[in-house]
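First up is the structure itself, then whatever we jot down about it.
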């Protein structure tokens, strides 16, 4: 049977692929919208006022931002080195979509498993890039291939995961051919793993989508955890001698950083505290923070696996005194002894 030898959880946002000067391009959007934060929704100015005691002027200074940038890039390299050392044959990647392959006003399944032969990756046209928000297009190179290329899927494992989910009461969507209208082919949650962690030496993999972002059919934390348990059941029962790595791509708190929440979440992940992880309300898993549901699914995968969680770094990348930005984290589990 297949054997899980490695697990990783990593953030994947544009701040990891842009300069600190380009981070400032997102502040205009930060100012223009209201943000979920600690069970409320606040304007930029309201956040500045309510968080004044946290010293966010200093934490969002250009000097601080340059330190965050350097730490994130060092952590990404360390995570990629760890991936290289593991020697996994195939990967299962838990991620999400943001209007990249699914148009949320037309169709947006709660869960989807890809079981096709090939996964494309390519840059957008210049005209399409102009339609993206400032500070997003500039980071495309971090997740999209520089020219059209294809990665291999694992159809037999993908199909087995789908069958196992159906047998365990998950009505999961299934996709065998990548949609032609996809913005970059593979969504950024997966492209980040291909380009940054695997360094473009991509092993055959199964992309698994979860609708973390968009109401009304966002899975609950409890449902996300159960989903991971069944994915694990499928991997364990796959008749193969392959060495499998499982990734969670997304998070952490953003677009308003909440270090306290992140640390409580990481502590629960490390302790395998199922009660905490499954009880997080949807109100706390909104906006970019919702991507942590992929990490909750990974916790379900790892529920009884032997092996400790290792933190490479946790870096709250503040870009404004309102606390807007992205908290970035880089974690791995060595499961070789399993």
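Residues that are surrounded by fewer than 20 Cβ atoms within 10 Å (Cβ to Cβ) and under 22 Å from residue 16 (Cα atoms) were ranked within region 199-213; the one that is farthest from the chain's Cα centre (by Cα) is 201. Annotation note: Cβ proximity below 9 Å between a residue of region 64-77 that is surrounded by fewer than 17 Cβ atoms within 10 Å (Cβ to Cβ) and a residue that is modelled with pLDDT of 95 or more and not in a helix (DSSP H, G or I) (sequence gap 6+ or interchain) occurs for 67/315; 74/312; 74/313.
Being farther than 24 Å from residue 214 by Cα and either loosely packed, with under 14 Cβ neighbours inside 10 Å or in contact with a helix residue (DSSP H, G or I) (Cβ under 9 Å, 6 or more places away or on another chain) (or both): is that true of residue 169 here? I'd like the intermediate steps shown before the answer.
Numbers: farther than 24 Å from residue 214 by Cα: no; either loosely packed, with under 14 Cβ neighbours inside 10 Å or in contact with a helix residue (DSSP H, G or I) (Cβ under 9 Å, 6 or more places away or on another chain) (or both): yes.
No: the conditions fail for residue 169.
The set of residues in region 104-130 being more than 24 Å from residue 227 (Cβ to Cβ), touching a helix residue (DSSP H, G or I) at 6+ places or on another chain (Cβ under 9 Å) and touching a residue at least 60 places away in the same chain (Cβ under 8 Å) consists of 121, 123, 124.
Per-residue answers, yes or no, for (1) on the phi < 0 side of the Ramachandran plot; (2) touching a strand residue (DSSP E or B) at 6+ places or on another chain (Cβ under 9 Å); (3) without any contact (Cβ under 8 Å) to a residue 40 or more places away in the chain; (4) buried (at least 19 other Cβ atoms within 10 Å of the Cβ):
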{"position": "231", "(1), (2), (3), (4)": "yes, yes, no, yes"}
{"position": "236", "(1), (2), (3), (4)": "yes, yes, no, no"}
{"position": "241", "(1), (2), (3), (4)": "yes, yes, no, no"}
{"position": "277", "(1), (2), (3), (4)": "yes, no, no, yes"}
{"position": "282", "(1), (2), (3), (4)": "yes, no, no, no"}
{"position": "303", "(1), (2), (3), (4)": "yes, no, no, no"}
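Of the residues 119, 101, 162, which is under 17 Å from the mean Cα position of the chain (by Cα) and buried (at least 17 other Cβ atoms within 10 Å of the Cβ)?
Numbers: 119 fails: under 17 Å from the mean Cα position of the chain (by Cα); 162 fails: under 17 Å from the mean Cα position of the chain (by Cα).
Within the list 119, 101, 162, the selection yields 101.
When you check residue 152 against the structure, is it in a strand (DSSP E or B), touching a strand residue (DSSP E or B) at 6+ places or on another chain (Cβ under 7 Å), at pLDDT 95 or above and within 15 Å of residue 203 (Cβ to Cβ), yes or no? Before the answer, list the steps.
Numbers: in a strand (DSSP E or B): yes; touching a strand residue (DSSP E or B) at 6+ places or on another chain (Cβ under 7 Å): yes; at pLDDT 95 or above: yes; within 15 Å of residue 203 (Cβ to Cβ): yes.
Taking the combined requirement at face value, the residue satisfies it.
Answer yes or no as to whether residue 106 is more than 29 Å from residue 307 (Cα to Cα) and loosely packed, with under 14 Cβ neighbours inside 10 Å.
On the way: more than 29 Å from residue 307 (Cα to Cα): yes; loosely packed, with under 14 Cβ neighbours inside 10 Å: yes.
Yes, satisfied.
From the list 99, 126, which one is within 19 Å of residue 29 (Cβ to Cβ), at pLDDT below 90 and out of contact with any strand residue (DSSP E or B) (no Cβ under 6 Å at 6 or more places or on another chain)? Before you say what the answer is, go through the steps one by one.
On the way: 126 fails: within 19 Å of residue 29 (Cβ to Cβ).
99 is the lone residue from the list that is within 19 Å of residue 29 (Cβ to Cβ), at pLDDT below 90 and out of contact with any strand residue (DSSP E or B) (no Cβ under 6 Å at 6 or more places or on another chain).
Among the residues of region 233-274, the ones that are within 18 Å of the chain's Cα centre (by Cα), in a helix (DSSP H, G or I) and within 26 Å of residue 84 (Cα to Cα) come to 3 in all.
Please go through region 193-229 and pick out each residue that is out of contact with any strand residue (DSSP E or B) (no Cβ under 6 Å at 6 or more places or on another chain) and under 20 Å from residue 146 (Cα atoms). Answer for region 193-229, where residues must be out of contact with any strand residue (DSSP E or B) (no Cβ under 6 Å at 6 or more places or on another chain) and under 20 Å from residue 146 (Cα atoms): 194, 195, 196, 197, 198, 199, 200, 201. Taking region 305-338 as the range and being modelled with pLDDT under 95 and either buried (at least 17 other Cβ atoms within 10 Å of the Cβ) or under 16 Å from the mean Cα position of the chain (by Cα) (or both) as the test, the residues that pass are 307, 334, 335. Within region 198-211, does at least one residue satisfy the condition of being touching a helix residue (DSSP H, G or I) at 6+ places or on another chain (Cβ under 9 Å), at pLDDT below 95 and either part of a loop (DSSP other than H, G, I, E, B) or closer than 15 Å to residue 116 by Cα (or both)? No, that holds for no residue.
Just to be sure, is residue 17 surrounded by 12 or more Cβ atoms within 10 Å (Cβ to Cβ) and more than 15 Å from residue 318 (Cβ to Cβ)? Yes, satisfied. Within region 29-58, being more than 20 Å from the chain's Cα centre (by Cα), surrounded by 18 or more Cβ atoms within 10 Å (Cβ to Cβ) and under 29 Å from residue 247 (Cβ atoms) holds for one residue alone: 30. Every test in (1) without any contact (Cβ under 8 Å) to a residue 12 or more places away in the chain; (2) outside any loop (DSSP other than H, G, I, E, B); (3) under 28 Å from residue 73 (Cα atoms) is passed by residue 138 save one, and that test is (1).
The values are calculated or read from the model by the stated rules, or taken from the named source; none is laboratory data. These numbers were taken from a predicted model, which means no experiment stands behind them. Every residue, glycine among them, receives a Cβ derived from its backbone with ideal geometry; neighbour counts consider all protein chains shown.
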